Amino acid sequence: MLRHLVLFFVLLGFWVLLSGQVDLTDTHQRYLFICGIVSSAIGTWLARRVGFLYDEGDVGRIAIRQLTYLPWLAWRIVVSNFDVARRVWAFNPRKCIRPHMIRVPYEIESDLALAIYANSITLTPGTVTVMVDTEKKEILVFALSEVSSSGLKDMHDRVRALEADK
C-alpha cells in the first residue's frame, strides 16, 4: 500500500511540475488540478492492477538512488553528444566511425533496473540497445565507435547500485 501511495504522489508531483497548475483560487486551474489528481489515481490503480509495483523490487530505493544516477547520466549524454559530433564532423569520418554490434552481459535482477539500463544505453548518443536477452542475461548493443561502447560497464555498475541492498 505504501508503494502505491508513493507512486501516486510521484505521479502527481511530476504532473504539477510539468503543468504548473497550482493556483487553486482560479476555477480553471482548480479543475485542471483535479484532472491531475484523477490521472495520477488512475495511473496508480493501473500499476496496482497489473502488479507493476510488486515485481520490480524496492521501487522507492531505486527512485531515491536515481537522484545521484540521473545527473551522472545527463553528463554522459553531454559528453557523448560532443564525441559523436566530433566524429561526424571530422575531416575523414570513415577513420573515426567504426560501427559494430556487441553483446554486453548484465547482472541486474529487477525488470525496472534492466529497463533503466537499456534506456540509458539508448539515451547516450553513439549507442543503441537493439535486443535484451533475459535468458542469457545479455544486451545486444549497436555502438558507433569503440569509445562509445567503452562506458557500458561503468553504466551497468551504476544501475546495479540502484537496486543493491546497502
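Structure above, values below:
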item	result
Charge tally in the Cβ shell below 14 Å around ILE34, where Lys, Arg are +1 and Asp, Glu are -1, ILE34 excluded	-1
Isotropically averaged projected area of the chain, using the convex hull of Cα atoms (one quarter of hull area), nm²	12.5
Sequence-distant residues sharing a close amide H with VAL130 (under 5 Å, placed H)	LEU140, VAL141, PHE142
In Hz, Karplus ³J(HN,Hα) per residue of region 133-139 (6.51, -1.76, 1.60; θ = phi - 60°; x = Gly, Pro)	9, 6, 6, 8, 6, 8, 10
Rough spin-label spacing in nm, given labels placed 7 Å along Cα→Cβ, for SER150 and LYS95	1.8
Selected from ARG65, ARG87, ARG30 as most flexible by GNM, with the chain as the system and alpha-carbon contacts under 10 Å	ARG30
Region 59-163 - charge dipole about Cα centre, Lys and Arg +1 at Cβ, Asp and Glu -1, debye rounded to 20	480
Point-charge dipole on Cβ atoms (K/R +1, D/E -1) for region 103-152, about Cα centre, debye to 20	140
Dipole of the chain, positive direction: furthest Cα of VAL147, THR27, LEU162, with charges on the beta-carbon	VAL147
Karplus-derived HN-Hα couplings along region 41-46 (A = 6.51, B = -1.76, C = 1.60, θ = phi - 60°), whole Hz, x at Gly and Pro	5, 5, x, 5, 4, 5
Percentage relative contact order, region 59-163, counting C-alpha pairs under 8 Å, at least six apart	33
Degrees separating the helix 152-163 axis from the principal Cα axis of the chain, which is the longest one	20
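Rule-based calculations on the coordinates, nothing more; no lab input. Everything numeric in this text was worked out from a predicted model, so none of it was measured. Don't worry about glycine lacking a Cβ; one is built from the backbone with ideal geometry, like all the others, and counts go over all protein chains shown.
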